[in-house]
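Data first, discussion second: the structure below is written as structure tokens.
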Amino acid sequence: MTERVNPDLLIAARESRGESQAAVAKAATITIGMISKAENGLIDLSAEQVDAIAHHLRYPARMFFEPGRARVLGSGCLYHRKRKTLPAKVLKALNARMELRLVGVRRMLRDLDIDAQRMFHTFDPDEYGNSPERVAQELRAAWRVPPGPISNMTALIESAGGVILTADFGTNKLMGMSCWERDSQPLFYLNARMSTADLRWTLAHELGHLTMHAVPPNGDPEEEADAFAGEFLAPRALIAPELRRLTFDRLYPLKMSWRLSMKALIMRAQRLGAIDTDHAQRLYKQYSAKGYNTEEPYPLPDEPTTIIPSAIAVHLSDHDYTPAELATGVAYVFEDDFAAEFAPMSGYSSANVVSLFPDSRHRA
């Protein structure tokens with residue numbers, strides 16, 4: 001039986017590059033109508049036409065024949081942590097990139113056993129007084145998280161089988177996104193432009209979405225996810241006493257202890273009523289005057305991932321894949337994208353990434 005082009009992947013590949021149907025049709029020397037019909041599954045395309053589209057969009061041609069559903073936008077499984085000023089066109093392209101990474105991660109982890117000590121849960125906030133904070137407490141209990149600060153948020157997510165990828169999103173207005181399809185591991189796709197402190201908060205924020213929002217929320221989902229993140233990372237009962245009469249000089253030691261950004265600590269103190277609004281505004285003004293809105297001092301150490309690096313190691317050493325085969329044949333990306341989004345998390349230095357992919361356009 002002849003393989004058919006997957007319409008979902010045609011759409012996702014085009015949107016991930018911010019391309020119009022007209023531009024793709026021109027590159028493949030076919031009509032816009034043919035592209036539209038192919039994306040709706042009404043017609044198939046020839047191998048030559050697919051090759052032309054793949055070359056134009058910079059994806060391996062074999063990806064377009066991968067079977068199965070790829071679209072998750074609107075499915076109720078895709079969540080974001082973003083600013084309201086993020087342009088819709090940019091979000092659309094990044095949503096599509098997320099969909100393609102889901103396909104690649106599923107293939108990367110296919111037939112590999114993930115030894116998870118925990119599991120992801122869904123809680124209905126209505127059963128907990130519509131309180132994201134109580135849901136966060138329940139998940140900490142279910143995961144047996146010791147009292148106090150979480151030393152490594154990445155390790156905690158991975159201990160439940162969550163997969164984390166980072167990439168430069170080309171914007172600071174989208175911090176991260178997540179998706180959990182029940183037949184696979186949750187995927188967290190995070191903006192590599194963020195500091196470790198912001199990555200940790202984004203992981204907790206996205207964890208809140210996955211835990212609470214399997215059904216549409218009653219309130220603002222972003223506010224609920226932030227409330228969850230605050231309680232999950234810094235429980236009220238433990239941190240509130242440390243935030244009373246908060247001074248600017250105490251932000252540094254608190255940051256090192258709780259592994260939260262200074263700004264997040266001010267926000268947490270205000271939310272918990274440890275300081276009033278006027279007090280918080282004075283701290284924010286000091287924070288801004290020192291230029292910390294651009295970059296905070298005292299960066300937290302990185303929290304490297306392990307699941308994808310382990311999968312890469314297994315495929316390269318045990319399954320005898322070459323790096324190029326792993327990139328184009330498994331992850332469905334060219335070497336430059338693999339080097340930028342997958343290989344750095346394997347503990348490779350920039351020099352080693354270049355040696356793996358000498359022809360890549362990896363941006364160190």
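What value, in deg cm²/dmol to 500, does the helix sum -39500 (n - 2.57) over DSSP H runs of n ≥ 4 give at 222 nm once divided by the residues of the chain? Write down the numbers at each step before the final one.
Details: 16 runs with 166 residues, N = 364.
The helix-only estimate for the chain comes to -13500 deg cm²/dmol at 222 nm.
Which net charge results for the neighbourhood of Y332, defined as the other residues with beta-carbon distances under 11 angstrom from its beta-carbon, given Lys and Arg at +1 and Asp and Glu at -1? With Lys, Arg at +1 and Asp, Glu at -1, the net is +2.
One decimal place: the segment E295-F248 gains 15.3 nm when fully extended, by the rule 0.36 nm per residue minus the C-alpha distance. Between S36 and R182, full extension at 0.36 nm per residue minus the direct alpha carbon distance yields a gain of 49.5 nm. The amide H of M175, built 1.01 Å from its N in the peptide plane, has R81, K82, R83 as neighbours under 5 Å, considering only residues 5 or more places off or on other chains. Each peptide in 132-141, 33-42 receives the mean, over its residues, of other Cβ atoms within 10 Å, and ordering these scores from highest gives 132-141, 33-42.
Taking the Kirkwood radius as Rh and the Cα radius of gyration as Rg, the chain has a ratio of Rg/Rh equal to 1.00.
The lysine pair count for the chain, using Cα distances under 15 Å and pairs eight or more places apart or on different chains, is 9. Tilt of helix 88-109 relative to the longest C-alpha principal axis of the chain, in degrees (0 to 90, nearest 10)? That helix lies at roughly 80 degrees to the long axis.
How many percent of DSSP beta bridges within the chain run antiparallel, rounded to 5? Please list the in-between numbers first.
Numbers: 9 of 14 bridges.
Counting only bridges with both partners in the chain, antiparallel ones make up about 65 percent.
What order, most packed first, do the peptides 109-119, 89-99, 244-254 have when packing is the mean number of other Cβ atoms within 10 Å of each residue?
Working: 109-119: 11.5, 89-99: 19.6, 244-254: 14.1.
Most protected by this proxy first, the peptides run 89-99, 244-254, 109-119.
Based on the Stokes-Einstein relation at 20 °C and a viscosity of 1.002 mPa s, and on the Kirkwood radius from alpha carbon pairs, the stretch 159-302 is assigned a translational diffusion coefficient of 132 µm²/s. The C-alpha atoms of the chain define a longest principal axis, and helix 47-57 lies at about 30 degrees to it. As I understand it, the value is the acute angle between the Cα axis of helix 262-271 and the longest principal axis of the Cα atoms of the chain; what does it come to in degrees, rounded to 10? Rounded to the nearest ten degrees, it is 60.
Reducing the stretch 295-337 and the stretch 19-74 to their Cα centroids gives an inter-centroid distance of 27 Å.
All of the numbers you see were taken from the coordinates with simple rules; none came from a lab. All values reported here derive from a predicted model rather than from experimental measurement. Note that each Cβ is placed from the backbone with ideal geometry, even for glycine, and that neighbours are counted across all protein chains shown.
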